[in-house]
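The values are calculated or read from the model by the stated rules, or taken from the named source; none is laboratory data. On a predicted model such as this, the values are computed, not experimentally measured, just so you know. Because the Cβ atoms are built from the backbone with ideal geometry, glycine has one as well, and the counts that use them run over all protein chains shown. Accessible surface is based on the protein model in full, side chains and every heavy atom, while ligands, DNA and RNA are left aside. Shrake-Rupley method; radii C 1.70, N 1.55, O 1.52, S 1.80 Å.
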Amino acid sequence: MKTSNKLYWILGAVCALNFAGHLVCYPFLPEQVPVHWNFAGVVDDFGPKWSALLLALLPPAMLVLFRFLPSIDPKGKNYGQSGVWRCFVLGLTLFFCAFTWLVELSVFGILPQQGGFVSVLVGGGIGILFIILGNYMPRIRQNYMFGVRTPWALADEHTWNRTQRMGGITFIVMGVSLLVLSLLAGLLGEMLTFVLILVFLLGGLLWSFVYSYLVYTKRMK
């Protein structure tokens, strides 16, 4: 528990420094800044410059949520049984801290607004997170907030363990798919990229639920 608390304090400091960096950049931003990129990585919407500060509040808000989730979960003690939860909190917090800088990087010309660079960075980053989580997912113990939480997995520990193993494979496949699609988004176009991402994500989610049900009903050996 002490190690866990230390991690939250360190990440809290990182989030504070990240927000301070945005405050330093704020006076140099134009009144309208890019706030949305399509699936091809092209800016398609602008908003007031305070949107950059609002986005910078996302990582600390997520960190507070992560800190209290185990305490409200009836199976919260299982979060500390492995390092998977801590790695998840660390990876997602750092990823979103980096994500908050898309506005400044675009405004200051460091990140091109054309050519699909944003799609590669964001889609590729999420894909890598999926792959990492997929490798560690079989270690997740039963809980109500984290992992592949189907009704059948929550009702039976054997089903939970097998569901997490299959979920890990599924997450790796989805992660690789996101990586590939992020690289090809410029060629495929926004609509086709969106459809393919939706197919892979919903398909993976559906298969995880079907597999869990089949294991629980002993139809999948």
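Below, the figures for the structure above:
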{"quantity": "Identified option (computed mean projected area of the Cα convex hull in nm²; candidates [x] 10.7; [y] 15.4; [z] 12.9)", "calculated": "[z]"}
{"quantity": "Net dipole in debye of the stretch 90-221 [+1 Lys, Arg Cβ; -1 Asp, Glu Cβ; about Cα centre; nearest 20]", "calculated": "700"}
{"quantity": "Surface accessible to a 1.4 Å probe, Val118 within the full protein complex, Å²", "calculated": "10"}
{"quantity": "Environment charge of Val24, counting only residues whose C-beta is closer than 15 Å and scoring Lys/Arg +1, Asp/Glu -1", "calculated": "0"}
{"quantity": "Accessible-area composition of the chain, carbon plus sulfur, in percent [1.4 Å probe]", "calculated": "72"}
{"quantity": "Lys pairs, the chain - Cα-Cα below 30 angstrom, 8 or more residues apart or on other chains", "calculated": "8"}
{"quantity": "Separation in nanometres of the label points that stand 7 Å from Cα toward Cβ, at Ile72 and Val43", "calculated": "3.7"}
{"quantity": "For the chain, calculated [θ]222 nm from helices alone, where every DSSP H run of n ≥ 4 adds -39500 (n - 2.57)", "calculated": "-23000 deg cm²/dmol"}
{"quantity": "Residues in the stretch 51-80 reached by a label modelled at Trp9 [backbone nitrogen below 19 Å; 7 Å Cα→Cβ]", "calculated": "60, 63-68"}
{"quantity": "Listed residue (Pro59, Val14, Met145) projecting farthest to the positive dipole end of the chain, Cβ model", "calculated": "Met145"}
{"quantity": "Mean accessible surface per residue for the stretch 106-221, computed with a 1.4 Å probe while every protein chain stays in place, in Å²", "calculated": "55"}
{"quantity": "Derived scalar couplings ³J(HN,Hα) [the stretch 186-193; Karplus, 6.51 cos²θ - 1.76 cosθ + 1.60; whole Hz; x for Gly, Pro]", "calculated": "x, 7, 6, x, 4, 5, 5, 4"}
{"quantity": "Only Lys, Arg (+1) and Asp, Glu (-1) charged, at Cβ; the chain dipole about Cα centre in debye", "calculated": "1280"}
{"quantity": "Other-chain or far-sequence residues with amide H under 5 Å of Trp37's (modelled H)", "calculated": "Asp44"}
{"quantity": "Most mobile listed residue (Leu202, Leu121, Leu11) in the chain, GNM with C-alpha springs under 10 Å", "calculated": "Leu202"}
